[in-house]
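Read-outs: derived from the displayed coordinates by stated rules, not from any lab. All values derive from a computational prediction rather than experimental measurement. With ideal geometry, Cβ positions are generated from the backbone for all residues, glycine too; neighbour counts draw on all protein chains shown.
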Amino acid sequence: MTHTAVAPAVELRGVSKTYATGSGDLTVLRDVDLAIAPGEHAAIVGPSGSGKSTMLSILGTLDAPSAGEVLVGGRPTAAMSDGERSDVRSRSLGFVFQQFHLLSHADAVANVELGMLYTGLGRAERRRRAVDALTRVGLGERLDHRPTQLSGGEQQRVAIARAIAHEPAVVLADEPTGALDQATGTAIIDLLDGLADVAVVVITHDLVIADRFARQVRIRDGRIEADLTAGEATAAGSEV
């Protein structure tokens, strides 16, 4: 029997990123190879300035590499038009950031629906998925609440619902607990790690958070210095 290999949900091949500055070129990623399997959960951890947020932007096709390839679902993105890459983001990727980026005048359902405007889904289907996603993240009783009526943790749950409502293959989260207290942040990480049907990549500087995930990718000075399972990360120690 022949088995067809499953493409990574998202992949970097030999990716580098260099920015031109007034004092010369600044290279923030250097020849990075990274593949995230469908359904895999991973933390990318490193100190400030290590290149981890740039890596997430490139994984999410929000920024283009200076060299190398980015593939989403096995599809190379370099030759795509801006519209095609936008379509990939709207259908295959979900984003969660440190700041919640919610519209203050819109209720929770409307905020989640807005994330699906460019998916091609009809209005009724967008609402159904928004309600389902909010219920999934524990906000079924807060559907008509505006951000000012929600706690910080609840606002981040709305942001996560917005990221998953269109059923993406990958959720990319950049320091998703940075604006939250420790207990609330722990609950948000529990929620992200509980998304069993989607690949999850969390960017963090916090090893306590990174240790919660089955895979831990450690980055320093723009290079991956270790790619570890949870057990290997524990054995490797706590220095980042």
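Just a few scattered comments:
- For the range 195-205, putting each phi into the Karplus relation 6.51 cos²θ - 1.76 cosθ + 1.60 with θ = phi - 60° gives couplings of 7, 6, 9, 9, 6, 10, 10, 10, 8, 7, 9 Hz, in residue order, rounded to whole numbers and with x for Gly and Pro.
- Computed with the Debye formula from one identical point scatterer per Cα of the chain, without solvent, the log10 of I(q)/I(0) at q = 0.12 Å⁻¹ comes to -0.69.
- Residue order, fewest to most beta carbons within 10 Å, for Phe100, Phe213: Phe100, Phe213
- If you run the Gaussian network model on the chain, springs between alpha carbon atoms under 10 Å, then out of Ala20, Ala37, Ala161 the most flexible one is Ala20.
- Stretch in the chain that is longest and holds no GluC sites (Glu not before Pro) that DSSP places in a loop and that have at most 16 other beta carbons within 10 Å: 1-140
- The spacing between the range 21-52 and the range 97-137, judged by their C-alpha centroids, is 29 Å.
- The alpha carbons of the range 73-214 occupy a box of 43, 36, 24 Å along the principal axes, longest dimension given first.
- Between the amide H of Val200 and those of Glu40, His41, Ala42, Val171, distances stay under 5 Å, these residues lying 5 or more places away or on another chain, with hydrogens modeled in the peptide plane.
- Neighbour-count order for Thr27, Thr77, Thr177, fewest beta carbons within 10 angstrom listed first: Thr27, Thr77, Thr177
- Taking N as its residue count, the alpha carbon Rg of the range 1-57 over 2.2 N^0.38 Å: 1.49
- Between the amide H of Phe95 and those of Leu172, distances stay under 5 Å, these residues lying 5 or more places away or on another chain, with hydrogens modeled in the peptide plane.
- Cα-centre dipole for the chain with unit charges at Cβ (Lys and Arg positive, Asp and Glu negative), debye to 20: 540
- Ranked Met80, Met116, Met55, criterion: other C-beta atoms within 10 Å, fewest first: Met80, Met116, Met55
- Here the Gaussian network model covers the chain, with springs between Cα atoms less than 10 Å apart; of Ile189, Ile203, Ile164, Ile189 fluctuates the most.
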